[in-house]
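Structure, as structure tokens:
The values are calculated or read from the model by the stated rules, or taken from the named source; none is laboratory data. What you are looking at is a predicted structure, and each value in this text was computed from that prediction instead of being measured. Cβ coordinates were reconstructed from backbone atoms using ideal geometry, including for glycine residues, and neighbour counts include every protein chain displayed.
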Amino acid sequence: MTYAALLAPLLAAAIVAAVVALRRDRRAWAALAIGAGVVLVLTVVFDSLMIAADLFRFDESLLLGVRVGLAPLEDLGYALIAVLVVVALWRLLARRPGRAGERADG
């Protein structure tokens, strides 16, 4: 199984979760885009540094072959999944009644 084949269903599920959680909230989508951009840039920078330092290697036969810096494209997918899932969970769990910080007596 290639890294992309492993990544695709996880990325699709994360996108669906984010769409459900954010719906039509334009400000939330804008914040998500900015946050995702920052995380993706940091992923490229630090993955490239770690690969250059030879801390790990990838099986080239399992990669798509596209690289951003030294980082394979698949690594950006994992970072994007993390951002989408965290934002979705944050929004969905914040809507639950009885969350921390709310008083029981109203």
* To do: Being surrounded by 14 or more Cβ atoms within 10 Å (Cβ to Cβ) and either in contact (Cβ under 8 Å) with a residue 24 or more places away in the chain or within 21 Å of S61 (Cα to Cα) (or both) is the filter here, so list the residues in segment 7-34 that pass it.
  => L7, L10, L11, A14, I15, A17, A18, A21, L22, A28, L32
* To do: Might you check whether a residue that is at pLDDT below 90, part of a helix (DSSP H, G or I) and not small (G, A, S) occurs anywhere in segment 80-98?
  => yes
* Within segment 50-64, is even one residue among the hydrophobic types (A, V, I, L, M, F, W, C), at pLDDT 90 or above, in contact with a Phe, Trp or Tyr (Cβ under 7 Å, 6 or more places away or on another chain) and at negative phi? -> yes
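Name the single residue that is nearest to M1 (Cα to Cα) among those in segment 36-63 being assigned to a loop (DSSP other than H, G, I, E, B) and in contact with a strand residue (DSSP E or B) (Cβ under 7 Å, 6 or more places away or on another chain).
Ranking the qualifying residues of segment 36-63, first place goes to L63.
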* Structure fact -> T2: passes all of (1) within 12 Å of Y78 (Cα to Cα); (2) in contact (Cβ under 8 Å) with a residue 60 or more places away in the chain; (3) among the β-branched types (V, I, T) but (1)
